[in-house]
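The structure under discussion appears below in the form of structure tokens.
Read-outs: derived from the displayed coordinates by stated rules, not from any lab. Please read these numbers as outputs of a predicted model, since none were measured by experiment. Cβ placement follows ideal geometry from the backbone for every residue including glycine, while neighbour counts extend to all protein chains displayed.
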Amino acid sequence: MTTVAYLEKLNTEQRRAVEYGLVDGSSTSAGGPLLIIAGAGSGKTNTLAHRVAHLIFLGADPQRMLLMTFSRRAAAEMTRRVERICAEALGGKGGGDVLAWAGTFHAIGARLLREYAGAIGLDPAFTIHDREDSADLMNLIRHELGFSKTESRFPTKGTCLAIYSRAVNAEIPLEQVLLGAFPWCARWHAELRQLFAAYVEAKQAQNVLDYDDLLLYWAQMMQDEALAEEIGGRFDHILVDEYQDTNRLQASILLALKPKGQGLTVVGDDAQSIYSFRAANVRNILEFPKSFTPPAEIVTLNRNYRSTEPILTAANAVISLAAERYAKNLWTERRSSERPQLVTVRDESDQARFIAERVL
């Protein structure tokens, strides 16, 4: 199996994205920053997997590659695809345990924090609280401070944790978070500030980090120039999936890892930015190219493999209304005479029921 043979499965734009920055067919030059704008159903995962596999095929050290996704399932699927492509390209060799550094932002952060704990004054034996554990600790402190017995109802433990999490991930003041996303809680500004201070103290006393801390501590660690240079220098290539769903903390970590953008590839679609409740900021992907000098290369994947032409016509019309966006026009070879239907339902349950009934 030659290099050309497995790349021939890709369309022109996909192949351009896969081969970008590889000078004279070599991976020794990491290349400048690359932004892949991948429209819905355009083979984004396949393209990213082929880029990783192609780099390995050309000699890039997989131990010096960092691949970050937004779920463990996505990371596992990406790894499987890369291993399958590598095995195919290398004639059955190199198919196992290719990527040593593949996972979610939080998982990679936890791994690096344990490794560099001594350098930042952190006990490497820290415990990681999941959301439920964090909410329970928040509730305990909420009760100890007497906020659970107020005359008018104080925000629940889940709401308190959501407010705290947004403030941390969006890197904005508490008052701004309350006014922008939780206006019904604004009256509790002073009490919430007291609660969050006590929550942080409790975590430190118990040697506990929550999910937000995994990003916060990592970002703070990257403010040390020597550490940032050392950690960034461990990776020749960094690839990030679903970049439209990153928050400010994650973007700052990425730019600190590769301030000049060498070997940096991010994939995403500004039209699919849907995780605002996680403090995701669509400006990260909109402003990515001009974060570097010269600006990042942009490759757009327009061909859709999932939907029919009438559906894409409707989707393109909706997307075109965005005030600020990357220009793209999804197209497909799948024809259909059936036009999309506009259906009004009462709520999410009705929506699910309607779809299930139509499928059946």
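One decimal place: the segment residue 143-residue 64 gains 23.7 nm when fully extended, by the rule 0.36 nm per residue minus the C-alpha distance. Loop-located chymotrypsin sites (Phe, Trp or Tyr not before Pro) across the range 204-294 with a Cβ neighbour count of 16 or fewer within 10 Å are 275, with loop assigned by DSSP.
Normalising the average separation of contacting C-alpha pairs (under 8 angstrom, six or more residues apart) by the number of residues puts the relative contact order of the range 146-196 at 30 percent.
Length gained on full extension, residue 114 to residue 329: 72.9 nm, using 0.36 nm per residue less the C-alpha separation. With angles folded into 0 to 90 degrees, how steeply does helix 72-89 sit against the dominant principal axis of the chain? Use alpha carbons for both and round to 10. Long axis of 72-89 versus the principal axis of the chain: about 20 degrees.
Roughly how far apart, in whole Å, are the Cα centres of the range 327-354 and the range 154-183? Using only Cα atoms, the two centres lie 34 Å from each other. Loop only by DSSP, 15 or fewer other Cβ within 10 Å of the Cβ. Give me the GluC sites (Glu not before Pro) in the range 121-170 that pass, ordered by residue number. Hits after loop and neighbour filter: 151. Working from label points 7 Å from Cα in the Cα-to-Cβ sense, the residue 201 to residue 176 distance is 2.7 nm. Bridgeable aspartates and glutamates around residue 149 (alpha carbons under 20 Å apart, same-chain partners fewer than 8 residues away excluded): 136, 191. A Förster distance of 41 Å, applied to the separation of the beta-carbon atoms of residue 11 and residue 350, puts the FRET efficiency at 0.60. Here the peptides 337-349, 249-261 are ranked by packing, the mean other Cβ count within 10 Å, and the order with the highest first is 249-261, 337-349.
Measuring against 20 Å, Cα to Cα, the residue pairs 9/44; 260/290; 258/290; 9/260; 203/258 contain 9/260; 203/258 as the ones spanning a longer distance. Just so you know, the Cα atoms of the range 309-359 work out to an Rg and Dmax of 14.2, 37 Å.
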